[in-house]
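Beneath this line is the structure, given in structure tokens, with notes to follow.
Coordinate-derived values only; no laboratory data. Every value quoted in this text rests on a predicted model; they were computed, and no experiment measured them. Methodologically, a virtual Cβ is constructed for each residue, glycine included, from the backbone with ideal geometry; neighbour enumeration extends over all protein chains shown.
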Amino acid sequence: MLRRLRPAIPLVLAALASLPALAEDSSRYNRISLHAEASREIAHDLMRVTLYAEAQHKDPGQLAGDITRTLNGAVERARQVAGVKVSLGNRNSYPVYEDQGRRIVAWRERAELRLESADFAALSQLSADLLGELRIADMRFAIADATRKKGEDALLQDAVQAFGERAQLATRALGGSGYKLVSLNLGSSGVVPPPFARVAMAKTLDHEAGAPAPEIEAGSSQVSVSADGVIEVQMP
């Protein structure tokens, strides 16, 4: 009688060993992924202008000296304006050829000066004043890091709340009695204004060298915080 029962024992053990796997599969049942987002418009509070000096000369040494003197003069003037951050950008030179590229007849050099400030009026006027020696390559507006972080912190709670509301809606739609949060990831993003808006302002200043700086509309960007996660719906 005992010999007949022995073969059944491995089957029972195998069935018991499979219970954790079945429980694990069951715990993943009715898991769904959800996405929620909160966003708001935040006004730009930072202005960045890139100006450049460009010239051509047969003597590369003299050319480099002329460009350096022009930049140094602009930097000195810019540093006298309170609240303006000054830095040098890209600088490069290249040969100018004639005779179908067989002979170098001159050298051309270009160097950038980058200005940044939260005082739009002061930076706009400074840029206009420097147009006697420099030209404008680019003007753009942005949200300062501290302002963006403050806005994202305020949106984070809204995004989490929106995710919870969507989770409850999904639970009711499935006929569940509740849900458990399995995972939740939070992320942020910003939308940059169209490039043509920046170029238009740069051209306006560039064509009116020596004239008073025009009024500036800095605009705004939409800052968003997203919540992506997985919930497990509990069925009654």
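Taken as Cα centroids, the stretch 113-146 and the stretch 73-94 sit 10 Å apart, rounded to the nearest whole angstrom. Database remark: amide H of A144 closer than 5 angstrom to the amide H of D45, L46 (H placed geometrically; neighbours at sequence offset of 5 or more, or on other chains; Pro and chain starts carry no H).
Extension gain, D153 to N185, is 10.1 nm, computed as 0.36 nm per intervening residue step minus the present C-alpha separation. Over every Cα atom in the stretch 110-190, the radius of gyration and the widest Cα-Cα span, Dmax, amount to 23.4, 73 Å. Rounded to whole numbers, the Karplus 3J(HN,Hα) couplings from phi for the stretch 92-102 are 8, 9, 8, x, 10, 9, 10, 6, 6, x, 9 Hz, using 6.51 cos²θ - 1.76 cosθ + 1.60 with θ = phi - 60°, and x at Gly and Pro. Phi angles of the stretch 163-177 translate, via the Karplus equation with coefficients 6.51, -1.76, 1.60 and θ = phi - 60°, into HN-Hα couplings of 5, x, 5, 5, 5, 5, 5, 5, 5, 5, 5, 8, x, x, 9 Hz per residue; Gly and Pro are given as x. Place a point 7 Å from the Cα of V96 along the Cα-to-Cβ direction; which residues of the stretch 39-72 have their backbone N under 11 Å from it? Under cut-off, by backbone N: 55-59.
Note on the stretch 76-129: Cα Rg divided by 2.2 N^0.38 Å, N the number of residues, gives 1.73.
If you take all other residues with their beta carbon under 9 Å from the beta carbon of V49, and give Lys and Arg +1 and Asp and Glu -1, the sum is +1. Put simply, the Cα atoms of the stretch 46-142 extend 50, 24, 18 Å along their principal axes, the longest span coming first. Residue-wise HN-Hα couplings along the stretch 122-133, as the Karplus relation 6.51 cos²θ - 1.76 cosθ + 1.60 with θ = phi - 60° gives them from phi, are 5, 6, 5, 5, 4, 4, 5, 5, 7, 5, x, 10 Hz; Gly and Pro carry x.
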